[in-house]
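Visitor: Starting off with a structure, shown below.
The values are calculated or read from the model by the stated rules, or taken from the named source; none is laboratory data. Just so you know, these numbers come straight off a predicted model, no measurement behind them. So basically every Cβ, Gly included, is an ideal-geometry build from the backbone, and we count neighbours across all protein chains shown. To get the accessible areas, we keep the full protein, side chains included, count just its heavy atoms, and leave off ligands, DNA and RNA. Shrake-Rupley method; radii C 1.70, N 1.55, O 1.52, S 1.80 Å.
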Amino acid sequence: MIRAGFGSAAGLSPRFPSPPDMSGIAEVLTEEAAVQTPVGPSLHVTPLVNEGDVVRQGAAVACLRHAPDVCFVAPLAGRVARISLLPGRKLSEIVLFREAEGDVERHDCKVAKTAGGLRRLMQSSGVWPWLRRRPFGGMPAPHEKPAAIVVMATDTRPFAPDPRRALEGREDDLTRGLIALEQLTDGPVMLCQQAGPELIEPGIGEGRIRVVTCGPRHPQGSAGIRIHQLFPAGLDTPIWDLHAEDAAALGALLETGSLPMRRLVHIAGAALRDAQTVWTHPGADLRQLTQRLVSPGPHILTSGSPLDWHATRWLAPRHRQVTVVPREATRQRPHWLVAALTQSATPRPAIPTAALTQAFGGAIPATPFIRALSAGDDETAMAFGLLSLLEEDVALADYVLGEGGQFVAQLRRMLDRIKTEFAA
């Protein structure tokens, strides 16, 4: 097992208003939950259930239309309340009502003795959508082989729960999951964690498991920055990343035959009376998670951190944060002439500052990279590390620049353009 580390001084510690978390960890199983596809390209699916069906926790409720081995599973035992598909049979959501006496889906884990069998088990059990590939984002293709896998046991975004708390008592599951992931790549499996006791014993697996120590400031705990520094993604060298809690769930699946649907989530934000950390499940109903915590007045429920959240009713598939913010009063739109004189149609220039440099943890030359994005210079942006990054990795730079999402949108447009050209 190889160890590596990075300077802990790099990065920023942005602060956002929120009450303190003064209580212990509660367990909240919401009465409703939703199955959604991961953030990324819309996916064509085939529903495997009908409205009114009763399903077990972990049972497949939909599969990819063109790769039916890849399944999306129920986060709780319940009754199918609603199936919402977008045009082209793209999945919007499958909503479930919880059944208190529901059962749990069991899998035959004997098939996982080979790399192909492990891959099929991960796809049929619902683990596969938890993986995320770079470049471009989204989950990997069913037969893709990554050049390396990065497992994140650290998260430095504001209000993020400490992954160590989620992994307490699950060290054996994490070890088993990491060893399993070794079967899927010929390259390293890198476990990124904060300074402190190592989460796994040395010498496990085939010698390709590396422990990487990260600093406490953001974006030290951002998967894209770690990938860029450790093993940059390329057009022909895809890299996968996975949360350490999900790697431990894979380890538990291999041991017990059932996939744990338990997730540590932190609830914070300026519209709360109290912040809280809870054990819940993927796709949890944010209204029920926050109903005892929200202050009186209009507010917006969002899934994600203050840097990269989106308004929704459900906890997003990979998210472990809920941010509740006040709903601002609707502002009167300015006269068209005032808007024309005060709003530029072109991006504002990026002014070099120490904060902008630290928004990339010192890993990427910030100003030239942003200028390349603004100018649509694909080759220069790729040379600086574009293919290792996704929206969440550059959200801090957008916040520092005060662009309100413009930089994130430029990154996505460039990635989509490169993907289209590469596919052609």
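Visitor: Within the set of pairs 6 or more residues apart or between chains, which connect a residue that is within 26 Å of Gln358 (Cα to Cα) inside segment 7-25 to a residue that is open to solvent by 40 Å² or more (accessible area, probe 1.4 Å) and at pLDDT below 85 with Cβ atoms less than 9 Å apart?
Guide: Listed by first residue and then by second, the contacts come to nothing, as the list is empty.
Visitor: Just checking, which of Thr213, Thr156 is closer than 29 Å to Ala409 by Cα, touching a Cys at 6+ places or on another chain (Cβ under 9 Å) and of a type in the set (Ser, Thr, Tyr)? Write out each step before concluding.
Guide: Values: Thr213 fails: closer than 29 Å to Ala409 by Cα.
On inspection, the qualifying residue turns out to be Thr156.
Visitor: Let me ask you something else. Cβ contacts < 6 Å: first residue farther than 15 Å from Asp241 by Cβ, restricted to segment 379-396; second residue of a type outside the set (A, V, I, L, M, F, W, C) and open to solvent by less than 10 Å² (accessible area, probe 1.4 Å), any location; separation 6+ or different chain. Result?
Guide: That search, which allows pairs on different chains as well, returns Leu396/His218; Leu396/Pro219.
Visitor: If a residue counts only when it is over 21 Å from Leu396 (Cα atoms) and modelled with pLDDT under 95, which strands (runs of 3 or more DSSP E) contained entirely in segment 1-49 have at least 3 such residues?
Guide: Details: elements: 2-5, 32-35, 45-47.
So the answer is 2-5.
Visitor: Search segment 192-229 for residues being of a type in the set (Gly, Ala, Ser) and within 24 Å of Arg320 (Cα to Cα), and hand back the single one that is surrounded by the fewest Cβ atoms within 10 Å (Cβ to Cβ).
Guide: Initial filter on segment 192-229 (of a type in the set (Gly, Ala, Ser)): 195-196, 203, 205, 207, 215, 221-224.
Subsequent filtering for residues that are within 24 Å of Arg320 (Cα to Cα) retains 195-196, 215, 221-224.
Values: Ala195: 11, Gly196: 8, Gly215: 20, Gly221: 24, Ser222: 30, Ala223: 26, Gly224: 27.
Of everything passing the filter in segment 192-229, Gly196 is surrounded by the fewest Cβ atoms within 10 Å (Cβ to Cβ).
Visitor: Right, another one. Could you tell me whether Gly257 is over 23 Å from Phe72 (Cα atoms) and not aliphatic (A, V, I, L, M)?
Guide: No.
Visitor: Something else about it: Which condition number does Lys110 fail, the rest of (1) touching a residue at least 12 places away in the same chain (Cβ under 8 Å); (2) farther than 27 Å from Arg157 by Cα being met?
Guide: Only one criterion is unmet by Lys110, namely (1).
Visitor: Return yes when Asp393 is more than 23 Å from the chain's Cα centre (by Cα), modelled with pLDDT of 95 or more and at negative phi and no when it is not. Lay out the reasoning, then the answer.
Guide: On the way: more than 23 Å from the chain's Cα centre (by Cα): no; modelled with pLDDT of 95 or more: yes; at negative phi: yes.
Judged against the criteria, Asp393 is not a match.
Visitor: Another question, if that's okay. Taking the residues in segment 145-180 that are part of a loop (DSSP other than H, G, I, E, B) and open to solvent by less than 30 Å² (accessible area, probe 1.4 Å) as candidates, determine which candidate is nearest to Pro306 (Cα to Cα).
Guide: At the first step, the residues of segment 145-180 found to be part of a loop (DSSP other than H, G, I, E, B) are 145-147, 154-162, 168-170.
So of that shortlist, the ones also open to solvent by less than 30 Å² (accessible area, probe 1.4 Å) come out as 146-147, 154, 156, 158, 160-161.
Numbers: Pro146: 31, Ala147: 32, Thr154: 17, Thr156: 12, Pro158: 7, Ala160: 10, Pro161: 13 Å.
Taking the candidates together, the pick is Pro158.
Visitor: Of all the residues that make up segment 121-164, how many are over 18 Å from the mean Cα position of the chain (by Cα) and under 21 Å from Val265 (Cβ atoms)?
Guide: Within segment 121-164, residues that are over 18 Å from the mean Cα position of the chain (by Cα) and under 21 Å from Val265 (Cβ atoms) number 0.
Visitor: While we're on this one: Considering only segment 113-133, I want to know if a residue exists there that is surrounded by fewer than 17 Cβ atoms within 10 Å (Cβ to Cβ) and in a loop (DSSP other than H, G, I, E, B).
Guide: yes
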